[in-house]
Amino acid sequence: MILSPQVIEKEEKKEFVVIPYQEFTLIKQSLEDYEDLCFFRKEKLSAIGEATRSLDDILEDGE
């Protein structure tokens, strides 16, 4: 991902960064994907040793 930020300074200190909206949405989506990945990894680790069921078994129970 290539970013094209514009840095705005105030009293010679970097104060704000402005990026195009499309870049913002890409960053936002990437962060949401990362949060989802972390959540699923945590849940997977917490489920170690628990009983599991195959998808076929679950689908059979629903019929």
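The values are calculated or read from the model by the stated rules, or taken from the named source; none is laboratory data. Keep in mind that this is a model prediction, so the values were computed, not measured. Glycine gets a Cβ as well: all are built from the backbone with ideal geometry, and neighbour counts include every protein chain shown.
If I filter the stretch 5-12 for residues that are part of a loop (DSSP other than H, G, I, E, B) and in contact with a strand residue (DSSP E or B) (Cβ under 7 Å, 6 or more places away or on another chain), do I get at least one hit? Can you show your working first?
To start, the set of residues in the stretch 5-12 that are part of a loop (DSSP other than H, G, I, E, B) comprises 5, 11-12.
Next, from what is left, pick out any that are in contact with a strand residue (DSSP E or B) (Cβ under 7 Å, 6 or more places away or on another chain): 5.
Yes, because at least one residue in the stretch 5-12 is part of a loop (DSSP other than H, G, I, E, B) and in contact with a strand residue (DSSP E or B) (Cβ under 7 Å, 6 or more places away or on another chain).
Against the definition (modelled with pLDDT under 95 and polar (S, T, N, Q)), how does residue 30 come out, yes or no? So that I can check it myself, show each step before the final result.
Values: modelled with pLDDT under 95: no; polar (S, T, N, Q): yes.
Criteria not met by residue 30.
With the structure loaded, tell me whether residue 30 is of a type in the set (Gly, Ala, Ser) and surrounded by 10 or more Cβ atoms within 10 Å (Cβ to Cβ) or whether it fails that test. Lay out the reasoning, then the answer.
Details: of a type in the set (Gly, Ala, Ser): yes; surrounded by 10 or more Cβ atoms within 10 Å (Cβ to Cβ): yes.
Taking the combined requirement at face value, the residue satisfies it.
Counting only residues that are of a type in the set (Ser, Thr, Tyr) and within 11 Å of the chain's Cα centre (by Cα), which one in the stretch 17-63 is nearest to residue 2 (Cα to Cα)?
Residues of the stretch 17-63 of a type in the set (Ser, Thr, Tyr): 21, 25, 30, 34, 46, 52, 54.
Subset that is within 11 Å of the chain's Cα centre (by Cα): 30, 34.
Working: 30: 13, 34: 18 Å.
Among those residues, the one meeting the criterion is 30.
Would you pick out the residues in the stretch 13-37 that are in a helix (DSSP H, G or I) and of a type in the set (Lys, Arg)? Don't jump to the end; show me each part of the working.
As a first pass, look at the stretch 13-37 and keep what is in a helix (DSSP H, G or I): 21-37.
Once the filter is applied, which keeps residues that are in a helix (DSSP H, G or I) and of a type in the set (Lys, Arg), the stretch 13-37 yields only 28.
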